[in-house]
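Enquirer: Below is a structure I'd like to ask you about.
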């Protein structure tokens, strides 16, 4: 076995491994195919030259054919990269194109010369020197170096990071060929040492090409190397370099240490070995170094796009029937193949309370004290705690011991914190996974990130729940305000009866009217009590005659001056579906406001007519009127009143909101000094002939 065979065999093996790596990770992209072709042709070239070095039986034209093929495929790859890096309108694009054409022309010419050299030498024996062929190889190598240099120069700064190692490697190959063939042209023979060393040079170039390929997604190479292999290799290399440096230091100590030099050298080397042993067997140093290598030298093991979409889908999915708190456990456990888990949420400053579990964790721990050392450590360091790692390598969690309350649960594995901002919102305890998980920085980071996302969902759900409760209280308070408003009117009516009772108690008409007023007040108070007990306005909706409700309101409000008059402008009797009490109140509030605005000497007139599928009710008063800004900004604003302590400012608002809930509208037309008109438009079911006829303009 000679050195040439060994050199080219190693080169063939190196490029074969690169070809396999490119092939298994190829995503169908053009640059990946070109790189695979260049690597495969380089493998074939190195194999042919290894065979030739061993047997010396191949004809020269076959050897140089694979030589030309290797140069050609690398030129094609560089030319394609240069075409992507340089815009066609760039000033140098034409030059690059000419260089590429020159290179391909030389390749074609060299192929013709190599395959027809014997015939050419026979025809022109006195004019052809065999060494002149090397001019073409020199020019090809020079063309490759120029294209590599221009590729690096014309690439964007962010692209140079990806291609620089490839430029060093391929540029080095072309530079080596340039030197090889220049030497052959000068001395009229190929230097056998330079020729045989090229295979070993290939081995040096392959790792550089691989790094660039791994950094360039378009080249379709994903580099995955065993973390254990890299860790132990790096440790071995580091230990070797350390011992080499210590040996040099020991040598100088022995040389310049005088009579104590030998003793000092021995003590120094023993101390160096002890330091090395401490470093190698330090769990904390080893763990730090492992994480450092994983973070800075490896591709990611997770498809983060898919994982993130999966986390969001699990947290937001409602069709599964699982409550959000169980979905949080499921989302976190699915990242690490854990079958079950428990969730604690911090609902006060002192305790984290158990709020959900998923699977069958067999962990019955109702609460965790917020002052527990474990909880304080997590809150301070924002750490994911691997309990197995805590037992095995406690120096990774300085000052923390496994809590006694976890001793009854041997399946407890990982504690994942849920942070909302800077506050620890909750904890998720995951149980032992179904399969062995490579616990590393990537798993820790994705659990931390998923925990933050889960905490935001939980906080949002809690905020929505609190808002719902607040709205319930708000609704109750608003209902109470409406009830108080109606009670105020009832009290006013009863006060008027009491005030006039002493003077008119012997008047039969007054007594009859007083009894009707009290009866009306009792009915109204009973209806208010029914609303407070959640009898529900929707449940009491029924078909009502708008005219009958209006007549009832007019009769009730006739006790206050000015007495309202009603005009029935057509014979229709519109029927609507509504709650009688709320429709009554919607009319009564506006009519009462109109009476108060008009004053005792004014007028209030109510009209009823039928529109197209609509009942139109107008309440017109002769009061002072309102300007546009007041109508727009204050009239229907709840709890905004112009009546001082005697009003609450919700009558008009309640009337409009109820009419709108029926699908209608309450509009206002008013002008200062000209009174106001409130117009109701209420959808009707149908109209029927009235049972009671009133002459147009008749007052009641």
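Enquirer: Note the full-extension length gain between residue 23 and residue 499 as 0.36 nm times their separation in residues minus their Cα-Cα distance, in nm to one decimal.
Expert: 161.1 nm
Enquirer: Could you sort 40-47, 102-109, 186-193 so that the peptide with the highest average Cβ count within 10 Å comes first and the rest follow in order?
Expert: Details: 40-47: 21.6, 102-109: 15.6, 186-193: 11.5.
The most tightly packed comes first, giving 40-47, 102-109, 186-193.
Enquirer: Moving on. Once you sort the root eigenvalues of the Cα gyration tensor of region 167-214 as a ≥ b ≥ c, which label holds: rounded (a/c under 1.5), prolate (a/b larger than b/c) or oblate (the other case)?
Expert: oblate
Enquirer: Just to be sure I understand the model, the point goes 7 Å from the Cα along the line to the Cβ. What's the resulting residue 548 to residue 407 distance in nm?
Expert: Each label point lies 7 Å from its Cα, and together they span 8.0 nm.
Enquirer: Let's test the formula: R0 of 60 Å, r as the Cβ-Cβ distance of residue 55 and residue 465. What FRET efficiency results, to the nearest 0.05?
Expert: Efficiency, from the Cβ-Cβ distance: 0.10.
Enquirer: At 0.36 nm per residue, and after removing the present C-alpha to C-alpha distance, how many nm does the segment from residue 492 to residue 609 gain when stretched out fully?
Expert: Here the segment from residue 492 to residue 609 would lengthen by 39.0 nm.
Enquirer: Rounded, prolate or oblate: which fits region 304-459 when a ≥ b ≥ c are the square roots of the eigenvalues of the alpha-carbon gyration tensor, with rounded for a/c under 1.5 and prolate only if a/b beats b/c?
Expert: Cα axes put region 304-459 in the rounded bin.
Each value in this text was obtained by applying a stated rule to the coordinates, not by laboratory testing. Keep in mind that this is a model prediction, so the values were computed, not measured. Every residue, glycine as well, gets a Cβ built from its backbone with ideal geometry; the counts of neighbours run over all protein chains shown.
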